[in-house]
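The structure appears right after this line, and notes come after that.
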Amino acid sequence: MTIYLHAGTLLATPGREPLTRHTIAIDGGRVSGVTAGFTAPQSDDLVIDLSDCFVLPGLIDCHVHLTGEFGPKYKLDLVEESPAAVALHAARHARVTLEAGFTTVRDLGEIGAPGDAIFALRNAVAKGFVPGPRIFAAGSIISPTGGHGVTCGYRDDINFLLDANGRGDGADGCRVAVRRQVSRGADFIKFVATGGVLTDTATGTGQQFFDDEYAAIVGTARMLGRKTTAHAHGADGMKAALHAGVDSIEHGTFMDEEIIDIMRRRGTFYVPTTLAGVTVAEYATTQDFMPPAIREKALAVGPQIVETLRRGHDAGLKIAFGTDTAVSPHGENAREFALMVQAGMTSMEAIVAATVTAAEHIGQGAHIGTIEPGRAADIIATAASPLDDVTELQKVQFVMRDGKVFKNARAKSV
Ligand SMILES: [Zn+2]
């Protein structure tokens, strides 16, 4: 059976002009043709009528954490929730992310019980057992003792239990930590180049590993065929990670001109996550659940992050869409688009970042990111053009992943 999807407006390749009145043919989960006009079906074909919609490729978020969500109870959740509960919550987060129009995500670090929920979820989605976006997962974040991502502000023995998986101290320890993630099934390696906002220690947002440790992480990952990405706010740690050869920078809050220059020359991807910065700054002023150490960092990082994106975009850096969702609630990923536009990107540039560039960034440029023959049928639709108003992407009407419909708010003819 062939599915014929009638698209009123079709942005088949973000970055190029949209087409009007086109038909997308889908066979076996893949796009088999894109033709002008509305093709009439044969007897057992299925037609999906999106003739009054704006149709575009499924969105890609290069930075999420499906296994947790920040909020008043986040700290207790880390010790109260069983690995099984974490997995079930993650399945819910995956479903709402997909329904929001994100057909692929890269998960950059487990939060919560050190189980294997993210890998189990990735595999279950791939088998069609649970609804969710296609997942690429990093497993545990590689971090030094006392560093970001592993220190939750508990007494020492509890911290030790929670962070054991991604902890790396000294070059040898870092090699072991990377190898361990790969053996668990990691698609990428994520490490902390600097301190982070949501670590309950007054350790700032500067460099956290020594140069030989960065080199050990990047070198080991490369040897095992995995790309690396660095969580980075401060310029010192960002520079050290770039010197070690990291493939991309997450957040990049305090990047200076030298860093921008290195990234531009090398074509290093930048994943801005402005939504996370704006969310923590907002929580710091409107909520009372943040411990003082976190509140202080949130107020420093938050206001800076949109400005950093403006500078990075002006300088021509390769920008891949990423939100750090889990900091903000799951399913609200598309709020990032308006922040990208606020930072000076056009709506089209923001959509390119979440499709073509994001696909290239995660090594999937040949499979996803555009709607053309041979690609996975990852297709979404909005009621009005997101090129005119990018917040239309916060109200996605239709979601298909791998040729399967997961949401259709205009189900006239399905
Ligand atoms: Zn993150």
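Laboratory data are not the source of any read-out in this text; all were calculated from the coordinates shown. Remember, predicted model here, so these are calculated numbers, not experimental data. Please note: Cβ atoms are built from the backbone with ideal geometry, for glycine as well, and neighbour counts cover all protein chains shown.
Treating the beta-carbon of each Lys and Arg as +1 and of each Asp and Glu as -1, no other charges, what is the dipole magnitude of the range 37-157 about its Cα centre, to the nearest 20 debye?
Dipole about the Cα centre, nearest 20: 240 debye.
Go through A177, A124, A276 and say which Cα lies farthest out towards the positive end of the charge dipole of the range 59-361; charges sit on Cβ, +1 for Lys and Arg, -1 for Asp and Glu.
Working it through, the farthest residue towards the positive pole turns out to be A124.
For every helix of n ≥ 4 consecutive DSSP H residues, a contribution of -39,500 (n - 2.57) applies; sum these over the chain, divide by its total residues, and give [θ] at 222 nm rounded to the nearest 500 deg cm²/dmol.
After summing the helix terms and dividing by the residues of the chain, the value is -11000 deg cm²/dmol.
Quick one: dipole size for the chain, taken about the Cα centre, charges +1 on Lys/Arg Cβ and -1 on Asp/Glu Cβ, in debye to the nearest 20.
860
So for the chain, if I pair up every lysine 8 or more residues apart or on another chain, how many of those pairs have alpha-carbons under 22 Å apart?
Step by step, the pairs that qualify in the chain add up to 17.
With springs only between Cα atoms under 10 Å, which of F188, F398, F70 fluctuates most in a Gaussian network model of the chain?
F70
May I ask for the Rg/Rh ratio of the chain, computed from Cα atoms with Rh as the Kirkwood radius, given to two decimals?
Using Cα coordinates only, the ratio equals 0.98.
So, with +1 on the Cβ of K and R and -1 on the Cβ of D and E, and no other charges, what is the size of the charge dipole of the range 281-414 about its Cα centre, to the nearest 20 debye?
380
So what is the relative contact order of the range 59-361, in percent, for Cα pairs below 8 Å that sit 6 or more residues apart?
Normalised by residue count, the contact order of the range 59-361 is 18 percent.
Residue farthest toward the positive end of the dipole of the chain, with Cβ of Lys/Arg at +1 and Asp/Glu at -1: which of A193, M290, F38?
Going by the charge dipole, the pick is F38.
Return the single residue from I118, I48, I319 with maximal mean-square fluctuation; model: Gaussian network over the chain, springs between Cα atoms under 10 Å.
Per the Cα network of the chain with a 10 Å cutoff, I48 tops the list.
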